[in-house]
Each structure stands twice: as C-alpha cells, then as structure tokens.
Amino acid sequence: MATSNKTYRYSVELNVYAVDAPGTRLSTRNNIYLNICLLGIHKRTRLMPPNLPLHVDQRFYFDKVINFFN
C-alpha cells in the first residue's frame, strides 16, 4: 500500500510598527522586548525603553514546512 504525503510551506512576513496596550503599566527599571510566536517559531524585537506605545518598526520572516502523511 503506497503512502501519500503532502508538503505545505508557509511563509509569513510580519511588519510591526507600533504596539499599544491601553491600561497597561510597565516597569520603568529595565528595557523590554516584544516576544512573537507564529507557526511555532519564536522571535523577539530589539530592546526598547518601556514607554507605550512601543515604536518597534521591525520586519520579521517566518518560514515553516509541514508534512502530512496519509
């Protein structure tokens, strides 16, 4: 019996310009970063001062290959 498989490749380009969270209070002691998890891949921004809104202005690339076996 032959096994068929399918392979899917997902590619995402994510542009993050600014992040705001009304009602959120941040500690003023240390710099912070934003942690992004997409398709099971974790990436983080550079360190930024803890002032809202966060002006990130960064581009992230996520690539994932998923194999399905029948």
Would you be able to tell me the number of residues in the range 1-57 that are within 15 Å of the chain's Cα centre (by Cα), assigned to a strand (DSSP E or B) and under 30 Å from Asn67 (Cβ atoms)?
-> 15
Could you say which residue among Thr45, Thr24, Thr28 is β-branched (Val, Ile, Thr) and open to solvent by less than 60 Å² (accessible area, probe 1.4 Å)?
-> Thr45
Failed condition for Lys64, given (1) touching a Lys or Arg at 6+ places or on another chain (Cβ under 8 Å); (2) open to solvent by less than 60 Å² (accessible area, probe 1.4 Å), with all others met?
-> (2)
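The values are calculated or read from the model by the stated rules, or taken from the named source; none is laboratory data. Computed from a prediction, not measured in an experiment: that's the story for all the values here. With ideal geometry, Cβ positions are generated from the backbone for all residues, glycine too; neighbour counts draw on all protein chains shown. Ligands, DNA and RNA are excluded from the accessible area calculation, which covers all protein heavy atoms including side chains. Shrake-Rupley method; radii C 1.70, N 1.55, O 1.52, S 1.80 Å.
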